[in-house]
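Shown next, in structure tokens, is the structure this report addresses.
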Amino acid sequence: RVLAEAGTFTDACTGILRALGEVLGWEWAALWVVDAAAGVLRCTDVWSAPSSAFPAFEAASRGRAFPPGVGLPGRVWASREPAWITDVVVDDNFPRSPIALREGLHTGIGFPFVVAGAIVGVMEFFGREVREPDPALLDMLATVGSQVGLFLERKRADDAVRESEARKSAILEAALDSIVTIDAEGRVTEFNPAAERTFGYRRADAIGREMAELIVPPALRERHRAGLGRFLRDGTGPVIGRRLEMPAMRADGSEFPVEIAIMRIASAGPPMFTGYLRDITERKRAEEERNRLLAREREAREQAESANQAKDDFLATVSHELRTPLTPILSWAGMLRRRTLDAPTTARALEAIERNARVQKQLVEDLLDISRIITGRMHLDARPVELAPVVEAAIEAVSPAAEARSVRLETALDPQPSVVLGDADRLQQVAWNLLSNAIKFTPEGGRVDVRLARRGAHIELSVADTGRGIAADLLPHVFERFWQADTISTRRHGGLGLGLAIVRHLVELHGGSVAVESPGAGRGTTFRVTLPRLAARARDAAAERVEPDAGGDAGAYPRLDGLRVLVVDDEPDTAEMLRTLLAECGAEVRMALSAAEALRIVDGWTPSVLLSDIAMPDQDGYALIERIRALDPARGGRVPAIALTAYARNEDRVKATAAGFQVHLPKPVEPAELLAAVARLAARS
């Protein structure tokens, strides 16, 4: 919007400094423009947040010039890419660091903007906090830089079109470049020097010849003759006295666009007509270039908006996926510290803590892996690896998950040596990700087939499932970062949508390829990984794996004797933890793993308090509370309700209370806080 509303380059840059500073929460920003003659960057504009002032830093910036490679602006200029300095105070290549320290500035970022392949300027932003690098934000800023460059190119194209129009307007009323006069028979009587240059005929060769044969393309000649005849008969003609654009023809037969105005010459004798013609080839090219740049700018803007939305969605998903396993971990740990649970419940609690800690560990590892991929820091410990044991280790690791879902694992591993040059841990990660993905999307009683076979100079690992399959229009997106088929609050499966993107990158680092096939929704999916086989002589390979560990906290719990609490959460660990926690405090608890099950319970049992998750399959917490509030008060329509959810943004709280929940508690929540909220709601009701 800033670019669309800007009239000049300065307006655009001032608006972008302010908009990015405000939206992204920076305190100070500056624009540096290339001084081509001096070969340095100079500060031409600054912005600071309304509540902030950095006079010494601003003065130091305005009074300084940076050559390529020096300081943050020079570093961006030299590298032609965005740069992130976590703390400018301790950066060796930041000449303004003493002043930044004095005025409390720490993290700095900068990005370039490019016009016609050359960097023309750099924007830099600073904040008081120390912020770790954000690859998604750097990608977005690179896109903004591209848009600024396209804006400048479009301005140049606009200026070219305006210049062409100004020249045309100045001379159109008198004469265009070429002047051709014809008589009533359509024969040329005047052909000026500009017409000679434009059309390629000498005046002597043009005089006396029919104009239609000289400069009118064959396809238009009959129309020209018919129009001339009509004007001679009744004095009417659609082209007389008007300015038109049409094709004309040169002596060599080539066609080109002209602007033409035809006027009748008043005379006592037979009518004469003069045509004023101008070659508008360059103007048309400028218009086409302008339209092309506008289209590119529009596409870049749409891509930036899409990238920004994808980033917001991803951050919301990360928040949800990290908070969800924390709820049972913290709550079970709190109950364990009180030492009031019996032995079987204690064992269940420890299992839940360990299981959810492993889930969190995997999420963090996926995030770190994708960060390494984005920044190009993913490296392999490559050596000869026998692939079959690696795949067997991955199968063993996922077997408990398969058994829990009653999914059969069928394996057929080629007994011949299958040695590749690679990193055993990363190859096991590839196999584990594919197997975990297949098990996750295969229904109970389904099957996952794992095959390892030699294919000429390559080895192929295939993982095929009998699960939900993938629609044809979604297949091209399967290996994209952060992509998931289910992206709204009713999605069935957790995760960040990074596993398959990591698989593709790891396979390609090994010189291989990965492909996906699916006959369609509900018909299963097959992933095929192809890796180059190592010569038989290099056969000493082994792969080992290590396992991780877990930990918790507590507070004073209120008594809930006589309270009837309905717990609704599609995560069994969370639901069981909540049931146990509430029951330990004396409440009568019913547990539902879906909105539909909760509605069935309410039909015959009216709770004192409803405690519900938001993100659940089929019907989410918003749909549940809507159905509850539609009930008669005597049947639970006014039951006090708590939304216990990993969607923890302010807009999520507003949405929950607007939907009918009295309290919004973000996961993870301390047990004492949760129990206090239940007690308060029950007392209020």
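The values are calculated or read from the model by the stated rules, or taken from the named source; none is laboratory data. Please read these numbers as outputs of a predicted model, since none were measured by experiment. Quick reminder, even Gly has a Cβ in these numbers, built from the backbone with ideal geometry, and neighbours come from all protein chains shown.
Look at Gln360 and say whether it is surrounded by 14 or more Cβ atoms within 10 Å (Cβ to Cβ), within 32 Å of the chain's Cα centre (by Cα), over 30 Å from Ala575 (Cβ atoms) and among the polar types (S, T, N, Q).
The answer is no for Gln360.
Matching residues to (1) at pLDDT 75 or above; (2) closer than 30 Å to Leu452 by Cβ:
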{"residue": "Arg337", "(1), (2)": "yes, no"}
{"residue": "Ala352", "(1), (2)": "yes, no"}
{"residue": "Lys361", "(1), (2)": "no, yes"}
{"residue": "Ser371", "(1), (2)": "no, no"}
{"residue": "His379", "(1), (2)": "yes, yes"}
{"residue": "Pro389", "(1), (2)": "yes, yes"}
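If only one of Arg162, Arg80, Arg102 is within 19 Å of Ile374 (Cβ to Cβ), surrounded by fewer than 17 Cβ atoms within 10 Å (Cβ to Cβ) and either in contact with a Gly (Cβ under 9 Å, 6 or more places away or on another chain) or not β-branched (Val, Ile, Thr) (or both), which one is it?
Answer to the check: Arg80.
Please enumerate the residues belonging to the range 467-494 that are of a type in the set (Gly, Ala, Ser), modelled with pLDDT under 60 and either in contact with a Leu (Cβ under 8 Å, 6 or more places away or on another chain) or closer than 15 Å to Ala521 by Cα (or both).
If the condition is that a residue be of a type in the set (Gly, Ala, Ser), modelled with pLDDT under 60 and either in contact with a Leu (Cβ under 8 Å, 6 or more places away or on another chain) or closer than 15 Å to Ala521 by Cα (or both), then Ala485 is the only one that fits.
From the list Glu597, Glu651, Glu626, which one is more than 20 Å from Pro558 (Cα to Cα) and within 31 Å of the chain's Cα centre (by Cα)?
Glu651
Out of the residues in the range 212-261 that are modelled with pLDDT of 85 or more and part of a loop (DSSP other than H, G, I, E, B), state the one that is farthest from the chain's Cα centre (by Cα).
Filtering the range 212-261 for residues that are modelled with pLDDT of 85 or more and part of a loop (DSSP other than H, G, I, E, B), the one farthest from the chain's Cα centre (by Cα) comes out as Ala251.
Checking Gly69 against (1) within 26 Å of the chain's Cα centre (by Cα); (2) on the phi > 0 side of the Ramachandran plot; (3) small (Gly, Ala, Ser), which single condition isn't satisfied?
Gly69 satisfies all of (1) within 26 Å of the chain's Cα centre (by Cα); (2) on the phi > 0 side of the Ramachandran plot; (3) small (Gly, Ala, Ser) except (1).
In the set Arg278, Arg283, Arg290, which member is crowded, with 16+ Cβ neighbours inside 10 Å and part of a strand (DSSP E or B)?
Criteria check complete, one pass: Arg278.
Can you tell me which residues in the range 611-658 are closer than 15 Å to Ala316 by Cβ, small (Gly, Ala, Ser) and free of Cβ contacts under 8 Å to residues at least 24 places away in the same chain?
none
Identify, from the list Leu368, Leu380, the residue that is within 20 Å of Gln428 (Cα to Cα) and outside any helix (DSSP H, G or I).
The conditions single out Leu380.
Scan the range 412-427 and give yes if some residue there is hydrophobic (A, V, I, L, M, F, W, C), assigned to a helix (DSSP H, G or I), in contact (Cβ under 8 Å) with a residue 60 or more places away in the chain and touching a helix residue (DSSP H, G or I) at 6+ places or on another chain (Cβ under 7 Å), otherwise no.
yes
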